[in-house]
Every structure is written in structure tokens, then in C-alpha cells.
Amino acid sequence: MPIRIAVLRETRSGERRVALVPSVVAKMRRLGVDIAMQSSAGAAVKLPDKAYKDATFVAEMRALVADADIVLAVTAPPVAVAEAMKEGAILISIVYAEKEPELVARLRARKITCFAMERVPRISRAQAMDALTSQATLAGVFVVAARMGAVPGAEAGEMKGRLKPVEASDAAITMRYAGTVIIAPGYGLAAAQTQQKLYELVKLLQAEGVTVKFAIHPVAGRMPGHMDVLLAEAGFPYDLLFELDEINAEFKNADVALVIGANDVVNPAARTNKASPIYGMPILNVDQAHQIYVIKRGQGRGYAGVENELFYADNCNMVYGDAQAVLAKMVQAIKELGEQEAKVPEAA
Ligand code: NAP
């Protein structure tokens, strides 16, 4: 069943905005989402229903929200909306919760997850994003996460190729002599809580003239913006972090892609295997890098429970171990190499 998003027509006096514009609706449709809008939802901002080519229209509010997985509104909807929504659905809207106790009580009673957009913290990099942009992004993140997570225990299928383990020190030395390294972090980095060791590795590589960039997938980790927050808190400069759309074309020119505890968000089956449950999902194109190293502890699957053909590719090597231990070994290997190189002139 495709995910269904319902967009309400605003009812508060003076509120003319609409929660989704046609270009965003088109993007959501490409993710396989059904979008239903309340008739004339965009009329006040000169977006007539016919401007929304990718949406269906429903006049009556109850019929609109009754089977929606996600409901979008600009400002706090009437209590009747919470009553009409299906139990367990998601509401994404400005709510001003402290001024709307009755609405909050109904949402709680109906087990509705509410993202009050006025309370969503913004990292300084995202200050330019207004609440509506953040809201559309959040809705998109849920769609992708739900699609990737919709298949627990899915079967592996036959994998071509074989897993090829290498030592952490060998991978580190390859990176030390690379021109560009793109790092794709995932849930395993958060689980290992090893951002500081990673930062140490990044600084060592940069000191050797390696260009290091981070590829941030919108649903890497377990919550929207997880990797952004994790890396920002660890002090990584923002100019090292790139969104999926910004970085994907660069993998083909990268000497090394270093995958740290990521799995679903780098699974090429999403691009190549129509039979895969995650087919059509946007992924980081790490498989296009010249050489790939994947840090993970063993043969554990990702959140979606599907096997990852990336790990069997000719240009991919596995660096097995907890991310903290592996990164510590990589740092050690690069430091030791530096010490050996420093000694050479003395001996000569
Ligand atoms: P993932 O697919 O869950 O894969 C994480 C990988 O990390 C696992 O394969 C695991 O393999 C490895 N790992 C775990 N602990 C580790 C450690 N201590 N050291 C090294 N590796 C470790 O993660 P992802 O690629 O980030 O994808 C996120 C998934 O979560 C997506 O399916 C997404 O849809 C879903 N999701 C995201 C959100 C969100 O909002 N971001 C919300 C809900 C669900 P081993 O066991 O072999 O180590």
C-alpha cells in the first residue's frame, strides 16, 4: 500500500498559506506517495487545484484525513481533525501546543504522533529553512524511512561475488595516499559513538592533503537529521557535510568511499534490482567510487532487513569490527606511517 499524505485547507482567519506546493507534490509522487489535498487548499496563494497535477482532491475534511498516514497543515488544525484522523497517524504542522490544550489532548488520546514545527530545533546551517520547508522535508524523510523499514526480515536472494575482508591499517594507508575520500556514515556510527575518533582520522587525512567530504543521507541513522546532528555536535565543520543530491555525482570521481555503519542507505539494489523491496529509494552512490571500504561488525543487515549487494562488489572490501575499534586502528596506522616517514631523512 502506498503511503498516503493528506494536505488540509487552512481554516484560521488570516492564514493564507498551503502546506505543500505543486513542485514538492511532484517530488513526493516520485517516491511513490499518494497525495490527497483538500479542495482549494492553495487557492488563497494563487495555486488553484489544477496547478497540482500529481494530487487528488477531496472536498470534505473527514473523508480526506480518515485513511491518511501523514496529515500536513500550516497552523494548528481544528480539534475535529484529530478526531477524524486514524489512530497512530502523523500530524506535521505548526501547533503552538501550549495554547492548544484541547487539540493536544485529542492527539494524545488518538495516539497521533505530532511534530509541532515551531519546536523543531534548527542547526545553524538550516536557519534559512522556514517551517514549511522543514515540514516538507520531514514528511519526505518519513516516506523514505517507512519504505525502507517496511520490509523487516526480507529474504536475501542470491548474491554474486564474495565478501573480501581487509585489515583496518591497509584501508587507512590507501586513504592516506588518496586524492579524495567520501565518508558515508550510518546508524552504526551513532551506535558506536565514535565521532571524535572519526574526526581525528579526518584531520590526519586532511593534513596529508586528502580532500575529505561527508555524504549525508536524509534517513541515515534512526531519526531525521541524525547524522547532521551527530557530526555537528562533534564539531565537524559544516562545509564538509553534503546532502545526497549535492554529493551523489561526485562518487564516480572519488578514490575511496568509506562507509561507516551504514547499510540500507548505500544499497545499490535501490537503483538496480526491481525485485528489491527498497527499489526506487534514493541512495548514496558509494558503489561508483574507485574503492569502497565498509566498516561494520559482521553480517548484520540494516533496518530494512535486506541483504546488500554492495558488500560483494569487486571494488568493495569489508573492514570488520566495531566502528570505534576500527577507527582507532586506522588513526594508529596513519600516525605510525607518518612517524616512519619522518625517520627516513635521519637515517639517510
Ligand atoms: P542501517 O541500514 O540500519 O545499517 C546499520 C549497519 O550498521 C548495520 O548493518 C550494522 O551491521 C552496522 N552497525 C551497527 N552497530 C555498529 C557498530 N557499533 N559498529 C559498526 N557497525 C555497526 O543504517 P543506515 O544505512 O543508516 O540506514 C538507516 C535505516 O534506518 C534506513 O532503513 C531508514 O529507513 C531507517 N530509519 C531511519 C529513520 C530516520 O529518520 N533517519 C527513522 C526510522 C528508520 P553489523 O550488525 O554487521 O555491525
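Among the residues of the stretch 78-87, none qualifies, meaning not one is open to solvent by less than 20 Å² (accessible area, probe 1.4 Å) and in contact with a Gly (Cβ under 7 Å, 6 or more places away or on another chain). Across the stretch 43-64, the number of residues qualifying as hydroxyl-bearing (Ser, Thr, Tyr) and either open to solvent by 70 Å² or more (accessible area, probe 1.4 Å) or not in a loop (DSSP other than H, G, I, E, B) (or both) comes to 1. Residues in the stretch 1-37 that are free of Cβ contacts under 8 Å to residues at least 60 places away in the same chain, within 19 Å of Lys50 (Cβ to Cβ), under 21 Å from the mean Cα position of the chain (by Cα) and open to solvent by 30 Å² or more (accessible area, probe 1.4 Å): Ser23, Arg29, Asp34. Among the residues examined, Ala304 qualifies as near the ligand (Cβ under 9 Å from one of its atoms), hydrophobic (A, V, I, L, M, F, W, C) and over 22 Å from Lys203 (Cβ atoms).
When we screen Ile278, Ile295 for residues that are open to solvent by less than 10 Å² (accessible area, probe 1.4 Å), outside any helix (DSSP H, G or I) and modelled with pLDDT under 95, the only hit is Ile278. In the set Gly298, Gly302, only one residue is over 19 Å from Phe214 (Cα atoms) and touching a Phe, Trp or Tyr at 6+ places or on another chain (Cβ under 7 Å); that residue is Gly298. Quick check on my filter: what residues within the stretch 307-320 are within 14 Å of the ligand (Cβ to nearest atom) and of a type in the set (Phe, Trp, Tyr)? The answer is Phe311, Tyr320. Checked against (1) open to solvent by 10 Å² or more (accessible area, probe 1.4 Å); (2) outside any loop (DSSP other than H, G, I, E, B); (3) in contact with a Leu (Cβ under 9 Å, 6 or more places away or on another chain), Arg271 meets all criteria but (3).
Among the conditions (1) without any contact (Cβ under 8 Å) to a residue 40 or more places away in the chain; (2) within 15 Å of the ligand (Cβ to nearest atom); (3) within 12 Å of Ile182 (Cβ to Cβ), Val266 misses just one, which is (1).
Based on what the data block shows, is Val259 part of a helix (DSSP H, G or I), buried (at least 23 other Cβ atoms within 10 Å of the Cβ) and either of a type outside the set (A, V, I, L, M) or within 12 Å of the ligand (Cβ to nearest atom) (or both)? It is false that Val259 is part of a helix (DSSP H, G or I), buried (at least 23 other Cβ atoms within 10 Å of the Cβ) and either of a type outside the set (A, V, I, L, M) or within 12 Å of the ligand (Cβ to nearest atom) (or both).
Please verify whether Leu327 is in a strand (DSSP E or B), assigned by TED's automatic domain parsing to the domain that holds Gly188 and crowded, with 23+ Cβ neighbours inside 10 Å, treating the condition exactly as stated. No: the conditions fail for Leu327.
Met175 is checked against (1) within 15 Å of the ligand (Cβ to nearest atom); (2) at pLDDT 70 or above; (3) in a helix (DSSP H, G or I) and fails just one. What number does that condition carry? Of (1) within 15 Å of the ligand (Cβ to nearest atom); (2) at pLDDT 70 or above; (3) in a helix (DSSP H, G or I), only one is false for Met175: (1). Going by what's in this entry, would Phe242 be described as more than 14 Å from the ligand (Cβ to nearest atom), outside any helix (DSSP H, G or I) and out of contact with any Lys or Arg (no Cβ under 8 Å at 6 or more places or on another chain)? Criteria not met by Phe242. For the criterion of being within 15 Å of the ligand (Cβ to nearest atom), without any contact (Cβ under 8 Å) to a residue 40 or more places away in the chain and out of contact with any Gly (no Cβ under 8 Å at 6 or more places or on another chain), Ile183 fails.
Counting the residues of the stretch 308-324 that are in a loop (DSSP other than H, G, I, E, B) and buried (at least 20 other Cβ atoms within 10 Å of the Cβ) gives 1. Could you tell me whether any residue of the stretch 302-317 is in contact (Cβ under 8 Å) with a residue 40 or more places away in the chain and touching a Cys at 6+ places or on another chain (Cβ under 7 Å)? Yes - at least one qualifying residue is present in the stretch 302-317. Considering each residue of the stretch 247-263 in turn, none proves to be without any contact (Cβ under 8 Å) to a residue 60 or more places away in the chain, in contact with a Pro (Cβ under 7 Å, 6 or more places away or on another chain) and closer than 27 Å to Glu307 by Cα. Among the residues of this structure, Asp245 does not count as one that is within 23 Å of Ser169 (Cβ to Cβ), open to solvent by 10 Å² or more (accessible area, probe 1.4 Å) and of a type in the set (Asp, Glu). Selection of the stretch 214-239 for residues being within 12 Å of the ligand (Cβ to nearest atom) and small (Gly, Ala, Ser) yields Ala215, Ala220, Gly221, Gly225.
The values are calculated or read from the model by the stated rules, or taken from the named source; none is laboratory data. Since we're looking at a predicted model, the values are computed, not measured. Counting neighbours? That spans all protein chains shown, and the Cβs are built from the backbone with ideal geometry, glycine included. Accessible surface areas use protein heavy atoms only, side chains included; no ligands, DNA or RNA. Shrake-Rupley method; radii C 1.70, N 1.55, O 1.52, S 1.80 Å.
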